[in-house]
Amino acid sequence: MRFAAASIAAALLAAGCAAPRPSLFAVIPDQSDGHIGTIVVEANGEKRVVHAAYGAQRILADGSVVSEQLDAKKVREEFGPTLKALPPPPRTFTLYFLLDSDELTPDSAAELQKVFAELKRRPLPDIMVIGHTDTRGGLSYNDQLSKARAERMREMLIGLGIPAQRIQAAGRGKRELLIQTEDSVDEPRNRRVEISVR
Amino acid sequence: MRSAILAALLLAAAPAMASDAGLVKVSKGSVQIKRAGATIAAPVGTVVQTSDVIVTGADGSAGITFTDNSLVSVGPGSVFAIDKYRFDTTTHAGEFEGNLKQGKLAAVSGKMVKQSPESMKIRTPSAVMGVRGTEFVVQVDEPAKN
């Protein structure tokens with residue numbers, strides 16, 4: 001084990017010496033919500049955490065690491081065409097079924113129209129349908145139930161003219177509750193399907 | 001009518017498979033993928049797989065949406081290898097190891113990182129970055145500079 005760690009370190013060192021190419025890592029505000037994230041940069045056997053808007057770490061040709069503070073203008077100048085190529089963030093819609101039915105609630109039928117509008121806005125959309133359940137029943141039961149719900153929605157979308165190969169379905173079971181509840185709680189708002197358009 | 005238009009839009013793409021890592025959503029100028037010894041053009045709709053290497057020309061840039069909703073764009077004159085990509089749509093467990101050998105990259109992390117921070121890593125010739133979220137940029141300079 002110790003030998004493995006040592007040889008990895010040696011390999012990293014060798015790679016660093018053979019190719020001393022400067023690089024730069026920077027956190028930028030999330031373009032959709034302004035959220036400031038965190039990155040951990042590891043170089044030269046040292047780990048540095050960056051958690052600030054435009055905070056950066058630069059690795060120089062000699063392998064040394066320096067902290068840097070960039071700004072919006074600098075990032076735009078350096079990364080303009082790169083940032084412009086970022087695909088638009090996926091948009092998610094949540095739909096509910098009427099109890100014991102394949103039919104959507106009236107609100108959800110309206111929401112489905114928004115899904116189609118979003119599909120038209122994107123050059124090459126694909127869809128991920130994700131089913132969710134409430135907390136009644138075990139993990140694997142709910143995994144299956146949520147997948148079945150997602151598959152049902154997928155069939156519905158195919159019926160509305162969307163090619164099958166562009167839609168994937170997945171089930172998250174009771175892992176991602178919309179309304180937090182104890183285990184074994186009947187909660188209609190958790191029995192839902194998300195449609196992620198991307 | 002609306003359905004017909006949509007169908008035409010959507011059919012232009014290659015079929016998506018559960019094993020695919022992502023899909024090219026933006027492709028400008030020269031964008032190619034090196035895969036299993038071959039070099040293929042990568043227009044919008046090209047499926048991206050593990051072990052693919054994205055190569056852009058001086059006028060090129062590309063944007064990829066991965067299956068966990070992470071977004072990666074590669075700027076002009078870049079070489080970006082997808083060393084590892086795995087994502088479980090039920091548990092959200094996965095790993096994403098990208099390698100920027102040259103050029104520029106911007107990215108927004110997705111569901112995998114939300115589930116387990118630092119499951120996404122981006123390597124350069126001189127460092128490795130763990131991503132805890134969400135948006136960041138990376139650049140690799142020519143050896144002569146600096």
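The values are calculated or read from the model by the stated rules, or taken from the named source; none is laboratory data. Remember, predicted model here, so these are calculated numbers, not experimental data. No Cβ is skipped: glycine too gets one built from the backbone with ideal geometry, and neighbour counts run over all protein chains shown.
General observations
- Looking at A:GLN113, A:GLN168, just one residue is modelled with pLDDT of 90 or more, of a type in the set (S, T, N, Q) and within 24 Å of B:ALA21 (Cβ to Cβ), and that residue is A:GLN168.
- Strands (runs of 3 or more DSSP E) wholly inside segment B:34-82 containing at least 1 residues that are touching a helix residue (DSSP H, G or I) at 6+ places or on another chain (Cβ under 7 Å) and either crowded, with 17+ Cβ neighbours inside 10 Å or without any contact (Cβ under 8 Å) to a residue 12 or more places away in the chain (or both): B:61-66, B:71-74
- Members of segment A:109-145 that are crowded, with 18+ Cβ neighbours inside 10 Å and away from chain B (no Cβ under 14 Å): A:ASP134, A:THR135
- So B:SER78, is it out of contact with any Asp or Glu (no Cβ under 9 Å at 6 or more places or on another chain), modelled with pLDDT of 95 or more and of a type in the set (S, T, N, Q): yes
- Only listed residue being facing chain B (nearest Cβ under 9 Å) and modelled with pLDDT of 95 or more, chosen from A:ALA53, A:ALA85, A:ALA72: A:ALA85
- Any hit, segment A:171-186, residues being in contact (Cβ under 8 Å) with a residue 24 or more places away in the chain, in contact with a strand residue (DSSP E or B) (Cβ under 9 Å, 6 or more places away or on another chain), farther than 26 Å from A:PRO88 by Cα and in a loop (DSSP other than H, G, I, E, B): yes
- Counting the residues of segment B:56-68 that are under 11 Å from the mean Cα position of the chain (by Cα) and either of a type in the set (S, T, N, Q) or over 15 Å from B:ALA107 (Cβ atoms) (or both) gives 2.
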